[in-house]
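In what follows, a single structure is set out as structure tokens and then discussed.
The values are calculated or read from the model by the stated rules, or taken from the named source; none is laboratory data. None of the values given here were measured: they were computed from a predicted structure. Heads up, the Cβs are rebuilt from the backbone with ideal geometry, glycines too, and the neighbour counts pull from every protein chain shown. Heavy atoms of the whole protein, side chains included, go into the accessibility calculation; ligands, DNA and RNA do not. Shrake-Rupley method; radii C 1.70, N 1.55, O 1.52, S 1.80 Å.
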Amino acid sequence: MELVGTVRHDGDGGVLDDLDTVRGATRWLQQQSGLPATATAPGDLVVDEELRQAVVDVRRAVRALFARVVSPAPPSPADAHRLLPVEEALRLLNAAAAREPVAPQLHWPAEGPPTADLLSAEDDPGVRLVAALARDAVDFLSGPQREQLRACHAPRCVRYFIKSHGRQEWCKPSCGNRARVARHYERTREATGRG
């Protein structure tokens, strides 16, 4: 969800892309504490244009697949007009996930439950990062939380979110407030005959 959230409302009626430059991508990666386990530590990574584009490509694929998940409801308005075809998004996401061959490893301490992680022989931290982001998206899209995925349709919002309770319509309370204000404005305008 963090990767998809790099496309967001800018506060002035437009859309902001946190990954639009190498500097922006570097800043975003440095702020991520929840990167998938096999991804490299952000400090070990040098972001160049090729890596930035690979991360953006994974994001484009995931946003296209998120649009499919929320269908028949409309997708996020940020990229509804330029979504990848589903087949292309699937190909791109699966190719990115396959860039790093990994093997599951079981760890079982003397005290406590067993845990698992992935072992990689890949030396390139950029390849590990892109593959881990793609695998994380594959896990989400094939898991049970996918059923709770929604696109926020508050005015000017472009986010996807996980619905946490039955009546949730927006990604955050401020979006709910904007939507209620917009509805009130529209009702008032119609009532005064300016519609």
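Of the residues A78, A116, which is part of a loop (DSSP other than H, G, I, E, B) and of a type in the set (G, A, S)?
None of the others qualify; the one that does is A78.
Considering every residue within segment 118-140, establish whether at least one is of a type in the set (K, R) and touching a helix residue (DSSP H, G or I) at 6+ places or on another chain (Cβ under 6 Å).
yes
If I ask for residues that are among the small types (G, A, S) and open to solvent by less than 10 Å² (accessible area, probe 1.4 Å), which ones from segment 50-66 would you list?
Matches in segment 50-66: A61, A64.
Of all residues in segment 1-24, how many are among the hydrophobic types (A, V, I, L, M, F, W, C), closer than 16 Å to C152 by Cβ and in contact with an Asp or Glu (Cβ under 9 Å, 6 or more places away or on another chain)?
Here the count works out to 3.
Give R167, R146, R187 a once-over and let me know the one that is at negative phi and in contact (Cβ under 8 Å) with a residue 24 or more places away in the chain.
R146
Checking P113 against (1) open to solvent by 70 Å² or more (accessible area, probe 1.4 Å); (2) within 16 Å of the chain's Cα centre (by Cα): exactly one of these is not met. Which one?
That leaves (2) as the condition not met.
Quick one: would you say A98 is aliphatic (A, V, I, L, M) and touching a residue at least 24 places away in the same chain (Cβ under 8 Å)?
When the stated conditions are applied, A98 passes them.
I want to confirm something. Restricting to segment 39-48 and keeping residues that are under 29 Å from P85 (Cα atoms) and in contact with a helix residue (DSSP H, G or I) (Cβ under 6 Å, 6 or more places away or on another chain), which single residue is modelled with the lowest pLDDT?
Taking the candidates together, the pick is A39.
Given the criterion open to solvent by 30 Å² or more (accessible area, probe 1.4 Å), modelled with pLDDT under 95 and under 23 Å from D18 (Cα atoms), identify the matching residue among A103, A73, A80.
Within the list A103, A73, A80, the selection yields A80.
For segment 139-159, which residues satisfy the criterion of being assigned to a helix (DSSP H, G or I) and either within 21 Å of W28 (Cα to Cα) or open to solvent by less than 10 Å² (accessible area, probe 1.4 Å) (or both)?
Result: F140, single match.
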